Structures are given as structure tokens and as C-alpha cells.
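Structure first, then comments.
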Amino acid sequence: MDHGQLSMAADKFQWVCSESLLNACGKEVKFCRRQRVITPFRLGLALTATCASQPVETIADFHCGFNALFGTTITYKAFYNQVAKPHFADFARTMTERLISEMTLKVLGFATGRPFGEFRRIILQDGSSFAIHDGLREVFPGRFKTVKPAAVELHTTMDLLCDAPTTVVLTPDTTSEQAFLPEPPSLRGSLLFADRGYIDLHYLQRLQDEGGFFVIRAKAGMNPQVLEAFREDGKRLRSLRNKPLQTIHAKLPKRQRVELVVQWQVDGRPLSLRLIVSWNRRQQAFCYLLTNLPAPRYTLEMICRAYKWRWQVELLFKEWKSYANLHAFDTENPAIVEGLIWTAIAAAALKRFLAHMTQLLVEVPMSTRKVAMCALHVLGDIVRALQHGDVTELYAALEAAITYLSCHAQRAHPKRDRQTGRAQLGLEPCFENDDGIEFAEAA
């Protein structure tokens, strides 16, 4: 373990979670003008630590966690009045956004010359929704009004090479997903993976013009003009050429995947893309992947395997809900609902940072799920060091945490990852380089 790099990580940790920074954040968003016992720093640290270290069912659990951490006897009413403030959600969101942006590390990469190694970033875009108290149907309307009239959605942009989210936006569940796609100029030299809910031909045209690449699941009802058609074994399907897709749909083979070169007219300009069609036996339906990756370098098989990387963002959502207390609380106060959602995401981000820091410093592949499960055994000393503002104490706590996690939270089957998992296309863990720990660039 490089103690110089550990010291740098401890300094970063201390700065992001410092008392002065969080108190200034609370004052900036007008959450707390007069700082008494429940300061923004104390509240943010207690809520995040409670979410990260134990199951939380009610607001009373947070109240107990605050008093236990700081040795106070604050009444439940006084505590509730703080989290019920309208600007509590703004404070929690700002705290979480700062934590995500400042504590994201590059932990995955490709060997020089390997496919996908040329991309600056590999972006996964998706959203996760869940129901909240029915009394919030006016503030956060849900899509399923009869069953769950109130729901929220977290529109998430995840960087695969950092194995962490870079942007999270909370909206009502009825808000369109496409509005939260990254701006095309930010994806220059990058690769975007997204589900079929994000398909927008105008966006794809702009993204291609900006030098970005994408693999997006397409919708079944699309009807572009088919220019060329090739079976998976390389045979050219001449009978499918120069026809609308829907007219040849019944002729598509099911035993082999098919690659089509298709074209749309978008804003008076042709948009030519590759469309990969495969038959799903379980669902008894065709699946479609739309991409602009160049054919000679990226084969049909390679693209289909790479699209499975999108599952990493689904695992992120599962981690939030299973190990960071992302769920609905029994309250009709929208500020509390939103604020506690941001707190849960902050707790998950904190544990992911511990996992990634351990991987880089000890040079062993780490399981973020295992860290999320067992980090509670080491978080206590870290939180107390942050509470005291003692960098030396924090350094010792982080060193002990890394030692513990490196023994108990390693990935179980690295070899299997290379055969059937995320590493089968050369996506391997990165360890500390000659320049030390590398924090991710801003999106």
C-alpha cells in the first residue's frame, strides 16, 4: 500500500466532508442561517452514516442515529423540524452531488489497442423509479395512477470506467427520460449505452455529428429503409435489401442474428446506422440494437456482448435500494422524501469510494456489493474521524478500513469475469499508475 497515495485520498475525503464546507453549503442553499446543535455538517454526516451502516425504516431511526453519533439529547420534534424544512432537499442534493463529483475514481480500463480502448468515457444511461406516499400525487405524479399514484424516478448517468454514477436527477415518474440524456458535445470520443426508452433519432444525429458513438436498444415498431442485410455467418441476404424494415420483418431469420444497414431521413439529412436483430426465444420476439460503431473493428458478436455492460447500472440501482436505504418513507412532506433519497445515494457513493480506493491501493479486484454489505464494520471509525476533523485519525481509520476490505470484499471469481462477465471483452480492473490515484475528469 502506497502511504503517500493513502494520505492524498484521506485529504480529499476530509475536504469533501469537512465541517466548514458542509456548513457553508447549508447556508448557501438557505437551509440553516443560524447554526445551533443541529448544524448542516452534523445533520449531513449523521444521515449519511446512518443510511450507510444500518437498515432504516422511519425518520425516528435517523433521530436515534444523530443523538448516538454526537452524544446529544435532541428531541424528535426538534430533529423533525430540521429535516422538514423546504430547503433540506436542496442541501442534501448539493451534498450528494459534491460527493459524487469529487470522489469518483477511474478503476476499469482496456489494454492499449483493444477494442473500446479508444473511448474517453463509456456512459450508461438509465432510470430507476419507485412509489412514494400517495399523498404526494400532486408533487410527484406516477405513471400508474390507479395502483401507485405517486412515484419518483432517478435519471442516472453512469461512467463504466469509473464504475460509479456521474449525474443523478430526481423527477416525478411521469417526466420523459430522453430529456436527461447527456449533451452530445460532452460525449465526443465517448460511447453511450442506453435502453429503448431513450431512442431519439434527432439526438442520435447530433451525437454522431459531434463525434460520439452509441449502442441503443431500438423499438420494434421502427421502419427505416434497409440498404444492406447480412446474416451472422456472413451470408448476404439480397432479398431483404432496399425495402422498408416492416415489409421484410416476417422474413428475418431466427436461428442466426442479422445485421442490417438502415437509413432514416432526419431533418432532411440521411442517417445511416447498423441495426442488429436477434430472436429472443424466451420472449418470442425480436430484439434490436442500433449503433454507429464501425463494422470492421466492432463485430456483431462484440456489440451484443458489450451491450450487457448496461447491466452495471441496474446493479447500481439494486445496491442503492438493498444496502443504502433507498426506499419510500411514510411521510407526505416532499422535502423529506427528496432529501432522504439524496442521503441514501450519498451513503452508497461513500461506500463505492471505499471499494475503489481499496482496489487502487491494494491492487486487488474489489466487489462493490460485498463492500456495500460489510462496510458497516469499518465506517464507525471513519465517521468519528470526520466528526472530530482529525486528519491523522482519518488516515488511521482509512488504513484499517482498506486492510479489512481487501481481505473480506474481493471479487470472488475474477477468472469467471473474463470468460462470461464484464471482463470478457478486455474490461479489466485498473490499479494505481505511476502518477498515483487518478480522480475522474468532470463530465
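The values are calculated or read from the model by the stated rules, or taken from the named source; none is laboratory data. Here the structure is a predicted model, which means the values were calculated and not measured. Heads up, the Cβs are rebuilt from the backbone with ideal geometry, glycines too, and the neighbour counts pull from every protein chain shown. The protein model used for the area step is the full one, side chains on, heavy atoms only, and it has no ligands, DNA or RNA in it. Shrake-Rupley method; radii C 1.70, N 1.55, O 1.52, S 1.80 Å.
The table below lists the values:
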quantity: Candidate lysines - alpha carbon under 24 Å from Lys219, same-chain residues fewer than 8 apart omitted; calculated: Lys243, Lys251, Lys254, Lys308
quantity: Solvent-accessible heavy-atom area per residue, rounded to whole Å², over the chain at 1.4 Å; calculated: 45
quantity: Protein accessible area in the chain, 1.4 Å probe - carbon and sulfur %; calculated: 50
quantity: Cα→Cβ-extended label distance, 7 Å offset, between Val37 and Asp390, nm; calculated: 2.4
quantity: Ranked by how many other beta carbons lie within 10 Å on average, peptides 121-131, 344-354 from highest; calculated: 344-354, 121-131
quantity: Out-of-range pairs (alpha-carbon distance over 18 Å; input Lys85/Lys321; Lys321/Lys370; Lys12/Lys351; Lys318/Lys370); calculated: Lys85/Lys321
quantity: Between 0 and 90°, nearest 10: helix 40-53 axis offset from the chain longest Cα axis; calculated: 60
quantity: Reachable aspartates and glutamates, given that their alpha-carbon falls under 19 Å from the alpha-carbon of Lys145 and they are not under 8 places away in the same chain; calculated: Asp134, Glu153, Asp173, Glu177, Asp330, Glu332
quantity: Nearest 10 degrees, 0 to 90: helix 334-362 Cα axis against the chain principal axis; calculated: 80
quantity: C-alpha long axis of helix 19-28 to longest principal axis of the chain, angle in °; calculated: 70
quantity: Descending semi-axes in Å of the chain, equivalent ellipsoid built from Cα gyration tensor; calculated: 43, 27, 18
quantity: Candidates per trypsin sites (Lys or Arg not before Pro) in segment 12-114, loop by DSSP, up to 15 other Cβ within 10 Å; calculated: Lys30, Arg33, Arg34, Arg36
quantity: The chain, dipole about Cα centre (Lys/Arg Cβ +1, Asp/Glu Cβ -1), debye to the nearest 20; calculated: 2120
quantity: Eligible aspartates and glutamates near Lys235 by straight Cα distance, threshold 20 Å, same-chain separation 8 or greater; calculated: Glu259, Glu301
quantity: Length gained when the stretch Asn242-Ser18 is fully extended (0.36 nm per residue, less Cα-Cα span); calculated: 74.3 nm
quantity: In nm, spacing of pseudo-spin labels at Met1 and Arg281 (7 Å Cα→C-beta vector); calculated: 4.9
quantity: Karplus-derived HN-Hα couplings along segment 404-416 (A = 6.51, B = -1.76, C = 1.60, θ = phi - 60°), whole Hz, x at Gly and Pro; calculated: 5, 5, 5, 8, 10, 9, 6, 4, 6, 9, x, 5, 5
quantity: Cα-centre dipole for segment 310-393 with unit charges at Cβ (Lys and Arg positive, Asp and Glu negative), debye to 20; calculated: 360
quantity: Net length gained if the chain between Ile74 and Gln256 were fully extended (0.36 nm per residue, minus Cα distance); calculated: 58.9 nm
quantity: Calculated FRET value between Arg188 and Glu314, using beta carbons and R₀ = 35 Å, to 0.05; calculated: 0.85
quantity: Measure of compaction for segment 26-66 (Cα Rg per 2.2 N^0.38 Å); calculated: 1.25
quantity: Within segment 128-240: Cβ-based charge dipole about Cα centre, in debye rounded to nearest 20 (Lys, Arg +1; Asp, Glu -1); calculated: 540
